[in-house]
1. I'd like the full set of residues that are open to solvent by 90 Å² or more (accessible area, probe 1.4 Å), under 17 Å from P181 (Cβ atoms) and not in a helix (DSSP H, G or I), limited to the range 7-63.
2. Of the residues that sit in the range 64-79 and are open to solvent by 40 Å² or more (accessible area, probe 1.4 Å) and either in contact with a Lys or Arg (Cβ under 9 Å, 6 or more places away or on another chain) or polar (S, T, N, Q) (or both), which one is nearest to L257 (Cα to Cα)?
3. Against the definition (assigned to a loop (DSSP other than H, G, I, E, B) and more than 20 Å from K231 (Cβ to Cβ)), how does T182 come out, yes or no?
4. In the range 200-220, which residues are aliphatic (A, V, I, L, M), under 22 Å from F133 (Cα atoms) and part of a helix (DSSP H, G or I)?
5. Could you check E219 against (1) touching a helix residue (DSSP H, G or I) at 6+ places or on another chain (Cβ under 6 Å); (2) touching a residue at least 24 places away in the same chain (Cβ under 8 Å); (3) of a type outside the set (S, T, N, Q) and say which number it fails?
6. Identify all residues within the range 282-298 that are open to solvent by less than 60 Å² (accessible area, probe 1.4 Å) and assigned to a helix (DSSP H, G or I); write none if there are none.
7. Across the range 109-120, what is the total count of residues that are without any contact (Cβ under 8 Å) to a residue 12 or more places away in the chain and part of a helix (DSSP H, G or I)?
8. Can you pull out the residues in the range 86-101 that are surrounded by fewer than 17 Cβ atoms within 10 Å (Cβ to Cβ) and outside any helix (DSSP H, G or I)?
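The values are calculated or read from the model by the stated rules, or taken from the named source; none is laboratory data. What you see is a predicted model; the values in this text were computed from it and never measured. Positions of Cβ are backbone-derived with ideal geometry, glycine not excepted, and every protein chain shown enters the neighbour counts. When the accessible area is computed, the model is the full protein with side chains, heavy atoms only, and any ligands, DNA or RNA have been set aside. Shrake-Rupley method; radii C 1.70, N 1.55, O 1.52, S 1.80 Å.
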Amino acid sequence: TVLYSKYSPGLVIAIMAALPVAMLPLIYNLWERKDAPVKPTREQCGEIWTTVCSRAVWQPMGFVFLYNLLQIGNAAWREFLKTVLGFTANQLNTLLIVAYVLLYAGVMAYKYYFIKWTWRAVYIVTTMLNGVFSALQVLLIQGITFGISPFLFALGDDAFADFISGIQFLPTTIMMVHLCPTGSEGASYAMFTTVNNSALGLSSAISTVMLGIWDVSKETMASGDVSGMTKLTVLTTALQVSGVLFVGLLPKTKEDLVRLHSDGLSGSKIGGFIFLSITLLSVLYAIVVGILNIVKPGWAGES
């Protein structure tokens, strides 16, 4: 934003084009096995189907889907920061940069400290902390910042929420890696990440639809009426915290995950079918909402 405002859009575009090209020489440092045997597509699809029918897959990935689905954000939050608190583009970008830094810090915190915890303990503690930081947004909406500037107060809310997300990232990734069958690791891992991302995409789409529940339009907030914003924040916070109710679906450790493979419900075709159907329908719904947001802005009642 600083480069855009002080110089020109051309410089920003040039930098964005040059940085990826600068990474090309590093490709030669990547090791790749040559002439590796590749299974036929039909066989790989069969292995993936067998995998998703296993309880060790559909149960923990069901938790991942439900938990991420409930992480519904307040889609009007950025508008509130700009319209009511008067945040500049530079301030909003600073929030984003600090959030990315703390996201990485969260990943490192898990690697060097929280890795000793069970997966359930990590999700329970981080979910409760996320609820606390989300609730602090209500105080900011009401103008209660305890003498701290609104920018620093918002910085703490937004940034530490990403720190918590960073802590949750590695347990999910480790679990996905252990679920991949030998020989179809790439396709299986791509499917698992699709489940994760489709839930997040669906969550984002739902957050757009929820804008129509209360009046959180720019004009209303600018007039000083933030009651709708407060109610929406409370609702989204409650939904985010409710994800902890499904933590029982998550294995405690890698050993518990292995034991699920031999469970009596493992190999359920119904579980595998439901798993794939929900994933595909979620992707489709998110795509439809995204298209509507482009071709028909305001269709959900937002401003």
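1. Within the range 7-63, P37, V38 qualify.
2. The qualifying residue nearest to L257 (Cα to Cα) is Q71.
3. Here the answer is yes, as T182 does meet what is asked.
4. From the range 200-220, those aliphatic (A, V, I, L, M) are 200, 202, 205-206, 209-211, 213, 216; that's our starting set.
If we keep only those that are under 22 Å from F133 (Cα atoms) too, we end up with 200, 206, 210-211, 216.
Residues satisfying the conditions are L200, I206, M210, L211.
5. In the conditions (1) touching a helix residue (DSSP H, G or I) at 6+ places or on another chain (Cβ under 6 Å); (2) touching a residue at least 24 places away in the same chain (Cβ under 8 Å); (3) of a type outside the set (S, T, N, Q), E219 misses (1) alone.
6. Result: S282, V283, A286, V289, G290, L292, N293.
7. Counting residues in the range 109-120 that are without any contact (Cβ under 8 Å) to a residue 12 or more places away in the chain and part of a helix (DSSP H, G or I) gives 2.
8. Those that are surrounded by fewer than 17 Cβ atoms within 10 Å (Cβ to Cβ) and outside any helix (DSSP H, G or I): G86, T88.
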